[in-house]
1. Please specify each residue of region 44-89 satisfying the condition of being at pLDDT 85 or above and within 24 Å of ALA118 (Cα to Cα).
2. Across region 90-102, what is the number of residues that are at pLDDT below 90, farther than 30 Å from GLY34 by Cβ and not in a loop (DSSP other than H, G, I, E, B)?
3. Considering only region 173-211, how many residues are part of a helix (DSSP H, G or I) and under 17 Å from LEU253 (Cβ atoms)?
4. Got a sec? Which of VAL256, VAL219, VAL175 is surrounded by 18 or more Cβ atoms within 10 Å (Cβ to Cβ), in contact (Cβ under 8 Å) with a residue 24 or more places away in the chain and of a type in the set (Val, Ile, Thr)?
5. LEU214 - would you say it is in contact with a His (Cβ under 9 Å, 6 or more places away or on another chain), part of a loop (DSSP other than H, G, I, E, B) and either surrounded by 13 or more Cβ atoms within 10 Å (Cβ to Cβ) or in contact (Cβ under 8 Å) with a residue 60 or more places away in the chain (or both)?
6. Among the residues that make up region 119-132, is at least one of them touching a strand residue (DSSP E or B) at 6+ places or on another chain (Cβ under 8 Å), of a type in the set (Gly, Ala, Ser) and closer than 30 Å to PRO272 by Cα?
7. Of all residues in region 211-258, which are of a type in the set (Lys, Arg) and touching a strand residue (DSSP E or B) at 6+ places or on another chain (Cβ under 7 Å)?
Amino acid sequence: MESLNGIAFFVQAAETRSFSEAGRLLGVSSSAVGKSVSRLEERLGVRLFHRSTRSITLTAEGALFLERCRRIQCEIEAAELELSETQQSPRGRLRISVPLARVLIMPALIAFMRRYPAIELDVDFSNRLVDVIEDGFDAVIRTGEPADSRLMSRPLGSYRLQLVASPDYLARHGVLETPADLAHHACLMRKFFTTGKLEPWPLKPAENGREWTLPIRGVCSTSSPLMDMAIAGLGITCLPNFMARSAIERGELVTVLDAHVEHQGTFRLLWPSSKHLAPKLRVFIDFMAESLFAEKADAPGEVAG
């Protein structure tokens, strides 16, 4: 039992990078966590953490041991679930990371929380690329193809990017017929937070292979301010269809250059590969797959995003 407690203390310290935070979450003192880890290191004969006065970081041996410990914890949790009522009543803390797409994500999360009140949802809203396992997430929702062999995935659906502008802006600056016309318009661009690079617009390439000229009027790291700017008549921007849908229905925005835009993206739910799925994670996966875009199922291209 002491070995299992030591593993639990070690995993929590590794995930929080702090003995004091690990102690707070486990309901013990930071010194208790530190002493437990020290006893574990002495028993193993290796150093698991690099320690400083301000932080702790895993050693190479610690990172390897962490992966094994997580597997052990998964097996223990699975064994406990098989012998408890938890399988019939999903409960516990579920830590997830979702993209900055509030208009898409929040209705589904709210509905999930109402259906499963015994599940404590801990949500990280971020577009950054997270390490699902190392960062301690139970599941994440992201776009693109999965590249980590340690993860399982389930597609949630497809979405499209669209170029949009307000009717007022187009009345003042003219309707666009080809991408070349963008050279005479104000473009509102999204900047990737991690790299600082501008998100390219999904325009079909020119016949001569040259890139289209996009005069930049404004740059933001998230899409919501860009939509506000476009509705205010400040220029043309590129938005996912699930975000622009309501504004288009209200007549605040219209799409432009539809015949010249070429894009299809997929949202996926990713989670650590395991022989057994905790009930809280299983119901979350099924719920998101069934309901994330259920209200938009009658609109082509709005099944996910």
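The values are calculated or read from the model by the stated rules, or taken from the named source; none is laboratory data. For clarity, every value in this text was computed on a predicted model and none was experimentally measured. Using ideal geometry, Cβ is built from the backbone for each residue, glycine included, and neighbour counts are taken over all protein chains shown.
1. Residue satisfying the conditions is ARG70 alone.
2. At the first step, the residues of region 90-102 found to be at pLDDT below 90 are 90-92, 99-102.
Next, from what is left, pick out any that are farther than 30 Å from GLY34 by Cβ: 90-91, 99-102.
From what's left, not in a loop (DSSP other than H, G, I, E, B): 102.
Summing the residues that are at pLDDT below 90, farther than 30 Å from GLY34 by Cβ and not in a loop (DSSP other than H, G, I, E, B) in region 90-102 gives 1.
3. Final tally of qualifying residues: 2.
4. None of the others qualify; the one that does is VAL256.
5. yes
6. yes
7. Within region 211-258, just ARG217 meets the criteria.
Each row is one residue, and each column tells you yes or no for (1) touching a residue at least 12 places away in the same chain (Cβ under 8 Å); (2) assigned to a helix (DSSP H, G or I); (3) assigned by TED's automatic domain parsing to the domain that holds PHE287; (4) under 17 Å from the mean Cα position of the chain (by Cα).
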{"position": "LEU104", "(1), (2), (3), (4)": "yes, yes, yes, yes"}
{"position": "MET113", "(1), (2), (3), (4)": "no, yes, yes, no"}
{"position": "LEU121", "(1), (2), (3), (4)": "yes, no, yes, yes"}
{"position": "ASP124", "(1), (2), (3), (4)": "yes, no, yes, yes"}
{"position": "VAL132", "(1), (2), (3), (4)": "yes, no, yes, yes"}
{"position": "PHE137", "(1), (2), (3), (4)": "yes, no, yes, yes"}
{"position": "PRO146", "(1), (2), (3), (4)": "yes, no, yes, yes"}
{"position": "ALA171", "(1), (2), (3), (4)": "no, yes, no, no"}
